[in-house]
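S.K.: This is the structure I want to talk about, given as structure tokens.
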Amino acid sequence: MYYVLIILGVLLALLIILSLIAPKSYHVSRSIELDHPTEKVWGHLKYLKKQQEWSPWARKDPNMDQKITGIDGEVGALSYWNGNKEVGEGEQEITKIVEGKRIEQDLRFLKPFKSQSDCYMDLEELDNNRSKVTWGFTGTNKFPMSIMMLFMSMDKMVGKDFEQGLQNLKHNLSSEI
């Protein structure tokens, strides 16, 4: 019994140490330069329906259940999805718009596990016919997920999807007449 208590004490101490050194937050972002004016790009960022057209997750499950409530492109508009195990279930809500420059969203995952992140897309004019989009999200790692993040990288997990989405956006813009 004595050894069991020692083992439990060591495990508890290890758990406490890991939780103290574990990352408490994350920030992932990717950018792309586009050969298109900001006026053309903005509509693909502002509207939830247009975001679904270049979303890497929509392509992972083209049959997922999706619906938009509220007025698309305005604060309060909400996009809900429920798909396969790759995309899960969740919703994103537009929380702030700086017209032509930035859109902020509250990203809430319901399945496979609950989490919340703040998502944003920034649009910057480089010159008359070129622009730059930065897509990112931030959030906090709650216990016990924070300990898991010692061994996993949110940047590696989500960064590739952001890169693919931005490439999809570039392709969609180039395909428009």
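The values are calculated or read from the model by the stated rules, or taken from the named source; none is laboratory data. Just so it is clear, the model here is predicted, and its values are computed rather than measured. Here the Cβ is made from the backbone with ideal geometry for all residues, glycine too, and neighbour counts use every protein chain on show. With ligands, DNA and RNA removed, areas are computed over all heavy atoms of the protein, side chains included. Shrake-Rupley method; radii C 1.70, N 1.55, O 1.52, S 1.80 Å.
S.K.: So which residues in the range 156-177 are closer than 10 Å to residue 36 by Cβ and at pLDDT 90 or above?
M.R.: Within the range 156-177, 169, 170, 173 qualify.
S.K.: For residue 139, only one of the following conditions fails: (1) of a type outside the set (A, V, I, L, M, F, W, C); (2) part of a helix (DSSP H, G or I); (3) touching a strand residue (DSSP E or B) at 6+ places or on another chain (Cβ under 7 Å). What is its number?
M.R.: (2)
S.K.: Check off (1) in contact with a Leu (Cβ under 8 Å, 6 or more places away or on another chain); (2) open to solvent by 70 Å² or more (accessible area, probe 1.4 Å); (3) not charged (D, E, K, R) for residue 79 and give me the number that stays unchecked.
M.R.: If we test residue 79 against (1) in contact with a Leu (Cβ under 8 Å, 6 or more places away or on another chain); (2) open to solvent by 70 Å² or more (accessible area, probe 1.4 Å); (3) not charged (D, E, K, R), just (2) comes out false.
S.K.: For residue 65, indicate whether it is open to solvent by 40 Å² or more (accessible area, probe 1.4 Å), modelled with pLDDT under 95, farther than 27 Å from residue 131 by Cβ and of a type outside the set (Lys, Arg).
M.R.: yes
S.K.: Does the range 61-72 contain any residue that is within 17 Å of the chain's Cα centre (by Cα) and closer than 23 Å to residue 25 by Cα?
M.R.: no
S.K.: Quick check on my filter: what residues within the range 89-129 are acidic (Asp, Glu) and either open to solvent by 40 Å² or more (accessible area, probe 1.4 Å) or more than 17 Å from residue 27 (Cα to Cα) (or both)?
M.R.: If the condition is that a residue be acidic (Asp, Glu) and either open to solvent by 40 Å² or more (accessible area, probe 1.4 Å) or more than 17 Å from residue 27 (Cα to Cα) (or both), then 89, 91, 93, 99, 104, 118, 122, 124, 125, 127 are the ones that fit.
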